[in-house]
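Attaching a single structure in structure tokens format; questions to follow.
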Amino acid sequence: MLDVPRIAAGRLHRAIARRVAAAAPFATVSRARLARFHRGLPSADGTPFYVIVMPGTLHFLVPCLRLVPPHVTVHLVANGAKSWERAYLARMFPAYRQVVLATLPASSLAHGDVITMLLERGAGAIGLLDHDCYVFDASCFAHAAPSTRHSMTAWFGGFGAKANLTYPHTFFLLLNCAVLRAIMARHRVDARLYRRVPARLRRELARVGLGHVNALKDHHDFFDTLHLMMALALADGHDVDYVDTPEGAIVHLGGTSSFVANTKTLLDTYMHLRFLDLADDEVRTRYAPRFRPFASAADVRARIAMTPAAFASIASVDAVAARIADAILRQSHGFAPVAPDVAAVRAFD
């Protein structure tokens, strides 16, 4: 009970800090930094992928980056990441350039606000890769070529029965900057999530059957990140291109961008500590205090009531972690990536 005021205060701080950082002058500083960053980039072939670096996520991010083929251009967008985390990434991945957004201490910008800033400066197409997304099949990156008639290229999508539309998942996604910037200018929207749709847009949305629907996902009552822009692009004749992806080629965990003690389930804690097992001594030492009183994944597992659902969840986490470790080991020895255990990873796709 003593932790409740502290947790509540932390959530309030993050909510207020996120709003402050999204407005002037912080947003102006972030946009200026992104402008300088893009001016200083050398010309490169292919589509650049951006990874938004959240604080406290290196144990998920490092294996994600190690699986990216060397020919793919990756830019790191530090969104509240601590200075030691940024220095660590610069040391581990010197080929990846970093830009640091202006945020208040112990906070980060909303995902949609960051994507909006990237769209404002992006040329051609840009890719999004989540820090906890693992691309085991390098050929997936070969499809990162935009079509002028598509607003996005997606490798995964969900179907909203209420909206009767397929929507893209953002953890591995290609954005057509020119099309989406035109949508932003014409309809005065951006990539953020919208809890209420502006009344002026209802007629546009009605053209694609969304006049009285306030979400694409059935379990939401709002338009999630990028969803309103996608729907408006669809109304303007720009649909989403979906890539046929081999099952198990890409695995996304999800829900790993924050960890607050006493607010996560034991299964959530197990996943964090299981991936912390993959990290080096520096990351383990830095992050270990966040997971007290647990010292290891095995310590958490011993306290979980092993129901069939819990057993299946733990087995899936173990399979993904083992597959990542094996793929990185084979990669370092020049072997082909290990084939997917489809049954084990399906829960995260």
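The values are calculated or read from the model by the stated rules, or taken from the named source; none is laboratory data. For clarity, every value in this text was computed on a predicted model and none was experimentally measured. Note that each Cβ is placed from the backbone with ideal geometry, even for glycine, and that neighbours are counted across all protein chains shown. Areas reflect the complete protein model, heavy atoms only, side chains present, ligands, DNA and RNA absent. Shrake-Rupley method; radii C 1.70, N 1.55, O 1.52, S 1.80 Å.
For q = 0.15, 0.31 Å⁻¹, what log10 I(q)/I(0) does the range 161-217 give under the Debye formula with an equal point scatterer on each alpha carbon and no solvent?
-0.51, -1.33
Rounded to two decimals, what ratio of Rg to Rh does the chain give with C-alpha atoms and a Kirkwood Rh?
Working: Rg = 20.3 Å, Rh = 21.4 Å.
That ratio is 0.95, to two decimals.
Of all alpha-carbon pairs in the range 222-307, indicate the percentage at a distance above 23 angstrom.
When every Cα pair of the range 222-307 is considered, 48 percent fall beyond 23 Å.
Which angle from 0 to 90°, rounded to the nearest 10, does the C-alpha axis of helix 3-22 make with the longest principal axis of the chain?
So the helix axis and the longest Cα principal axis differ by about 40 degrees.
What whole-number value in Å² describes the accessible area per residue of the chain for a 1.4 Å probe?
47 Å²
Could you look at the range 99-202 and say what percent of its accessible area is carbon and sulfur, using a 1.4 Å probe and all protein chains?
That share works out to 53 percent.
If you stretched the chain out fully between HIS212 and ARG181, how much longer would it get, using 0.36 nm times the residue separation minus the C-alpha to C-alpha distance?
8.6 nm
Rounded to the nearest 500, what is the 222 nm mean residue ellipticity of the chain from helices alone, with -39500 (n - 2.57) per DSSP H run of 4+ residues and division by all residues?
-12000 deg cm²/dmol
Can you tell me what percent of all Cα-Cα pairs in the range 107-183 are more than 14 Å apart? Working shown, then result.
Values: 1939 of 2926 pairs.
The share of Cα pairs beyond 14 Å in the range 107-183 comes to 66 percent.
Put a dot 7 Å past each Cα toward the Cβ at ARG91 and ALA44; how far apart are the dots in nm?
2.3 nm
Moving on. Can you list, largest first and rounded to whole Å, the semi-axes you get for the range 39-126 by taking the square root of 5 times each eigenvalue of its Cα gyration tensor? Walk me through the intermediate numbers first.
Details: eigenvalues 80, 61, 25 Å².
For the range 39-126, the ellipsoid semi-axes come out as 20, 17, 11 Å.
Roughly how many debye, to the nearest 20, is the charge dipole of the chain about its Cα centre, given +1 on each Lys and Arg Cβ, -1 on each Asp and Glu Cβ, and no other charges?
Values: 39 positive and 28 negative charges, 309 e Å.
Here the size comes out at about 1480 debye.
Give the residue list of trypsin sites (Lys or Arg not before Pro) in the range 167-205 that are DSSP loop and have at most 14 other beta-carbon atoms within 10 angstrom. The partial results should precede the final answer.
Working: sites: ARG181, ARG186, ARG188, ARG192, ARG195, ARG196, ARG200, ARG202, ARG203; in loops: ARG188, ARG192, ARG195, ARG196.
Passing both the DSSP loop test and the Cβ count: ARG188, ARG195, ARG196.
Let me ask you something else. So how much accessible area does MET271 have, in Å² to the nearest 10, using a 1.4 Å probe?
Near enough 20 Å² of accessible area.
Which angle between 0 and 90 degrees, to the nearest 10, do you get for helix 83-92 versus the longest principal axis of the chain when only C-alpha atoms count?
Helix 83-92 sits at roughly 80 degrees to that axis.
Using a basic spin-label model with each label point 7 Å from the Cα along Cα→Cβ, how many nm lie between SER83 and ARG188?
Reported label-point gap for SER83 and ARG188 is 4.2 nm.
If each residue of separation counts as 0.36 nm, what is the full-extension length gain between ALA302 and ASP239 once their alpha-carbon separation is subtracted?
Working: separation 63, 0.36 × 63 = 22.68 nm, distance 4.82 nm.
Extending this stretch completely gives an extra 17.9 nm.
Sticking with this structure for a sec: Roughly how many nanometres apart are two label points built 7 Å out from the Cα toward the Cβ at HIS220 and LEU266?
The two pseudo-label positions are separated by 3.3 nm.
Can you give the Rg/Rh ratio of the range 132-174, where Rg is from the C-alpha atoms and Rh is the Kirkwood radius?
1.02
While we're looking at this one, here's another question. Hey, with R₀ at 56 Å, roughly what FRET efficiency would ARG36 and ALA322 work out to, going by the Cβ-Cβ distance, to 0.05? Don't skip to the answer; put the middle values down first.
Working: r = 42 Å, r/R0 = 0.74.
According to the calculation, E is roughly 0.85.
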